[in-house]
Amino acid sequence: MANETRTNQKIEKVRRVAGLLKAAYGRQRKKKTLDPLDQLIFDLLAESSSERRARQAFKRLKADFVDWNEIRVSSLKEIESAISMVTQAPDKAGLAKKLLVEIFNGQHRVSLDFLREASDAVAERYLGNFEGLGKMAVENCMRILRQGGSGLTSEVARVLRRLNLIKSSLNQEEIEELLDEALPERRRSHFCRLVKAHAQRVCTLKGFVCGSCVLLLECPTGKSRTNRSKG
């Protein structure tokens, strides 16, 4: 009974928070998302090469092959010929083909869309295992992935944890379960976009603007910080 009461209290709190954030930030439109695999291949081509040459090579791949799956099953010579204008073309042809093969072997399709629903930690670990990808390539891909999917980013988790709605910002299942019970499906993604906007403007990673926060009355962390500052 006690657990059920606490759960109901959290559900009501999520709904109040949603209302406060909507009043503060209005309608947060979903941005048109790019394809994360496109970005990953482009960054691989651009490594140690000029952006102009990388764009030429990328356009050539798109023109010469039907899709990434065709490139996966093509010969290294064919791929190398298409990207010959970038530096280290033979190496990059091999790395690109290997990357596409590994994705297909794990997912039975050549796409990274499944990472849109993964936590940031899981997605970064997965991308970091690919040979030949620099830190910037992973970061660029992560930026695109965060624009789609359920929207459960580390920023969203941080705010929910400070609101004492979840115990751990690393437990995505806990967040999904809470939002599933509190909000209809059509409103969950928008709620996450509202929370993300708040995380970026007010409830940042290293800073707090608790005194002017619209969620202060709902936030134990904010109340504690403002009380300490008054003392």
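The values are calculated or read from the model by the stated rules, or taken from the named source; none is laboratory data. Keep in mind it's a predicted model, so treat the numbers as computed, not measured. Using ideal geometry, Cβ is built from the backbone for each residue, glycine included, and neighbour counts are taken over all protein chains shown.
Descriptive notes on the structure:
- Every listed requirement among (1) surrounded by fewer than 12 Cβ atoms within 10 Å (Cβ to Cβ); (2) touching a residue at least 12 places away in the same chain (Cβ under 8 Å) is met by Ala82 save one, (1).
- Among the conditions (1) under 11 Å from the mean Cα position of the chain (by Cα); (2) crowded, with 20+ Cβ neighbours inside 10 Å; (3) free of Cβ contacts under 8 Å to residues at least 60 places away in the same chain; (4) within 30 Å of Arg72 (Cβ to Cβ), the only one that Glu124 does not satisfy is (2).
- Residues located in region 193-223, provided they are assigned to a loop (DSSP other than H, G, I, E, B), of a type in the set (Val, Ile, Thr) and touching a residue at least 24 places away in the same chain (Cβ under 8 Å): Val214
Here is a yes/no grid of residues against (1) surrounded by fewer than 20 Cβ atoms within 10 Å (Cβ to Cβ); (2) touching a Lys or Arg at 6+ places or on another chain (Cβ under 9 Å):
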| site | (1), (2) |
| --- | --- |
| Asn164 | yes, yes |
| Ile175 | no, no |
| Cys192 | no, no |
| Gln200 | yes, no |
| Cys203 | no, yes |
| Gly207 | yes, no |
| Leu217 | yes, yes |
| Arg228 | yes, no |
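- Counting only residues that are at pLDDT below 85 and within 25 Å of Lys206 (Cα to Cα), region 109-135 holds 3 of them.
- The lone exception for Leu20 - which of (1) at pLDDT below 95; (2) more than 30 Å from Ala137 (Cβ to Cβ); (3) touching a helix residue (DSSP H, G or I) at 6+ places or on another chain (Cβ under 9 Å) it fails: (1)
- Scanning region 85-118 for residues that are surrounded by fewer than 19 Cβ atoms within 10 Å (Cβ to Cβ), part of a loop (DSSP other than H, G, I, E, B), on the phi < 0 side of the Ramachandran plot and not β-branched (Val, Ile, Thr) gives Met85, Arg109, Ser111, Ala118.
- Helices (runs of 4 or more DSSP H) contained entirely in region 6-74, each with at least 1 residues that are in contact (Cβ under 8 Å) with a residue 60 or more places away in the chain: 36-46
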